[in-house]
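Enquirer: To start, I am sharing the structure in question, which I have written as C-alpha cells.
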Amino acid sequence: MNKKLGLAVAGALLAAASSAQAGIQIPAGDWTVDIGGVVNAYYTSTRNTGTAGTGYSTYWTGAGNSDALAGAGSNRTQSNITTGLLPNYLSVSGKSRQNDLDIAFTISINPGASTTQAGKQSSQQENRQAFLTIGDASWGSVKLGKDLGIYASDAILNDMTLLGVGSGAGGLAGNTTTTGRIGTGFMYADWKSQVAYTSPNWNGFQFTAGVTQAFNSNGDSTALAYSSTCRGGAAPAFEGKASYSFTADQVTGKVWVSGITQKVEGAKDRMESWDIGANVNLAGFGLTGYYYDGTGIGQTVQGYNGFTAAKVGRDSSGGYVQGTYTIPSVGTKLGLSWGQSTLAKQGSADTALLTDQEDSMWTVGAYHPLTKSVNLVGEYSDVESQYNNKTGHGRTVSLGAIMFF
C-alpha cells in the first residue's frame, strides 16, 4: 500500500505486503474521505493430538471442545473455512485541515467469514476502531477513542501470519479471526479505548505515550484459579513505545521498545510488561527478533491468568524469531518463524500450576501477490502446548487468499 489504510493493523502489515494499493479516496468539500478494507478467507485443516487442553491453549489446539481433545490420547482432524488472523475490514476515514490543525477520524466494522451451524448465521462481528485525531506536523498528534493498543503493537504488526492464519483455526472456527502467533511469541495488543500522544518523526525516531482503559485480571474456573477482586478500572493503564526506523545503503530496518503498567485492584502486584524488537531487511531478506517480559500480564490476552488465587502476579515471558525471503521478479515471499510464550508457576502455593505453562509454534508460509490487491497464501503451523505435565499439539494447514482495497 502506497499510503496507510485507515486500519491500525494494516499500517505495518501492508508495508510488508507486495500487493498493496491505496484505498478509495473521495474529495468532499473540506474533507478527503478514504474507504478501505480487507477481505480474506482460508480453507484450514487442523490435526489435534495429545492431552493438554486447559487454559488458553484451547484456542490453539482446539482442545477443550467436546469434539476435539476431550480425553487422554484423543485425536481428531477438523476442517474449516474461516477468516485468518486479520478479520474482514471495512474502514471509513476522513481528514481535513481546519484552523491550522490536521483533524481526522476512522470508524471500522469487522465481520467474520465463518459460520458453523445449520440455519444460523454467525453473530460474530467486531467494531475495532472509532477514534479521532488532532495534530500538526510541527508538534505531533493526539488520538482519542478506540484503536490498537500501544504495548506489543509492533510485535503483531511484524508477524508474517498477519497475511494468513497461524494458529487457532480449529478452536476459533466461527469467530472473526484466528490467533496467528498471539500467545506463542507475544501478547495481544488488543483494541483499547485510549487517549494517546504521538510525536513528530524526528529523522526516524518517534514515540507514543497514552492512557488506556484498564483490563480485569480474567480467569477460568476450569483452568487457573484467580480472585474476582483482581479488577482493573480503579485507575487507567499507562502505555508507551518508542521506535527508530533507518535506511543505510540497501539496508532498511526498525528497532522498537514498548511497555505497559496498570494497577489491579485487590492484587499484590501490578500488571506490567515490557518488550523489545527489531526488523532488518536487505536484498529481499528480512529478519525479525522480538522478546517480552512481565508480571501479572498473563498469557495470550492481557490479564488472563496473570494472578494466583492469592492475588500474586505470575511471571510471563516469550518472544519469536522470523526470517523471510522475497523471490525476485515473481514477488513471492517465503517465511519461517518460531516463537514461545511462558506463564511461570508462582511458588509452591500456586497449586493451579504444577509446572510452568509453555506454548510454542513453528510456522512455514508462502505469500504470493497474484495482483497488486490480492495475495495467495499457504501456511503450515505446528503448535505445542505444555500444561501440568501434559502436552498437546495442533497442526494446521491453511490455503486461501487476502485482498486489500
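Enquirer: Highest first, please rank the peptides 244-251, 282-289 by the mean number of other Cβ atoms sitting within 10 Å of their residues. Can you show the working numbers first?
Expert: Details: 244-251: 10.9, 282-289: 14.9.
Final packing ranking: 282-289, 244-251.
Enquirer: So, by mean Cβ neighbours within 10 angstrom, what's the order for 303-313, 317-327 with the highest one leading?
Expert: For the peptides 303-313, 317-327, the packing ranking is 303-313, 317-327.
Enquirer: Return the aspartates and glutamates within reach of LYS263: Cα separation strictly under 13 angstrom, same-chain partners fewer than 8 residues apart disregarded; answer none if there are no such residues.
Expert: GLU239, GLU272
Enquirer: Give the residue from MET361, ASN281, GLN117 lying farthest towards the positive end of the charge dipole for segment 10-404; charges sit on Cβ (+1 for Lys and Arg, -1 for Asp and Glu) and the dipole is referred to the Cα centre.
Expert: The listed residue farthest towards the positive side: GLN117.
Enquirer: Go through 368-375, 334-341 and give me the packing order, highest mean Cβ count within 10 Å leading.
Expert: Numbers: 368-375: 16.4, 334-341: 19.8.
Going from most to least packed, we get 334-341, 368-375.
Enquirer: A further question on this structure: Between VAL211 and PHE285, what is the spin-label point distance in nm, taking each point 7 Å from the Cα along the Cα→C-beta axis?
Expert: 4.7
Enquirer: Taking 0.36 nm per residue of separation and subtracting the Cα-Cα distance, what length does fully extending ALA344 through GLN125 add? Kindly include the intermediate steps, with their values, before the conclusion.
Expert: On the way: separation 219, 0.36 × 219 = 78.84 nm, distance 3.36 nm.
Result: 75.5 nm gained on full extension.
Enquirer: Using each residue's phi in segment 89-96, evaluate 6.51 cos²θ - 1.76 cosθ + 1.60 at θ = phi - 60° and report the 3J(HN,Hα) Karplus result to the nearest Hz, with x for Gly and Pro.
Expert: Listing the rounded values in order: 10, 10, 10, 10, 10, x, 9, 7 Hz.
Enquirer: A further question on this structure: With the radius of gyration and the Kirkwood radius both derived from the Cα set of segment 252-352, what is their ratio Rg to Rh?
Expert: Here Rg/Rh amounts to 1.16.
Enquirer: Let me ask another. Could you name the aspartates and glutamates in cross-link range of LYS241, using Cα to Cα under 12 Å and dropping any fewer than eight places away on the same chain?
Expert: ASP154, ASP275
Enquirer: Which whole-angstrom value gives the distance between the alpha carbon centres of segment 233-307 and segment 312-349?
Expert: Comparing the Cα centres of segment 233-307 and segment 312-349, I get a distance of 13 Å.
Enquirer: Going by how many other beta carbons lie within 10 Å of each one, how would you line up MET361, MET403, fewest first?
Expert: Numbers: MET361 27, MET403 16.
Ordered from fewest to most neighbouring Cβ atoms within 10 Å, MET361, MET403 come out as MET403, MET361.
Enquirer: In straight Cα distance, which aspartates and glutamates are under 19 Å from LYS95, not counting same-chain residues fewer than 8 positions off?
Expert: Of all the aspartates and glutamates, those that pass the test against LYS95 - Cα under 19 Å, at least 8 places apart if same chain - are ASP30, ASP34, ASP136, ASP147.
Enquirer: Where in segment 27-53 is the amide nitrogen less than 16 Å from a point lying 7 Å along the Cα-to-Cβ axis of ASN389?
Expert: Those under the cut-off are 51-53.
Enquirer: Less than 19 Å from a label point 7 Å out along the Cα-to-Cβ axis of VAL251: which backbone N atoms in segment 272-306 qualify, by residue?
Expert: Of the residues in segment 272-306, 277-290 have backbone N under 19 Å from the label point off VAL251.
Enquirer: Of the options GLY166, SER199, PHE105, report the single residue whose Cα projects farthest towards the positive end of the charge dipole of segment 10-404 (beta-carbon charges: Lys, Arg +1; Asp, Glu -1).
Expert: Ranked along the dipole, the leading option is GLY166.
Enquirer: Assign unit charges at the C-beta atoms only (+1 for Lys and Arg, -1 for Asp and Glu), then state the dipole size of segment 10-404 relative to its Cα centre in Debye, rounded to the nearest 20.
Expert: 480
Enquirer: Right, next: Can you pull a Stokes-Einstein diffusion coefficient for segment 139-205 at 10 °C (1.306 mPa s), Rh from Kirkwood over Cα pairs, as a whole number of µm²/s?
Expert: It diffuses with D of about 115 µm²/s by this estimate.
Enquirer: Along each of its three principal axes, how wide is the spread of alpha-carbon positions in segment 10-404, in whole angstrom units, largest first?
Expert: Principal extents (Cα only, largest first): 62, 50, 47 Å.
None of the figures in this text is laboratory data; all of them are computed from the coordinates on show. Since this is a predicted model, take the numbers as computed values, not measurements. Cβ atoms come from the backbone with ideal geometry, glycine included; neighbour counts cover every protein chain shown.
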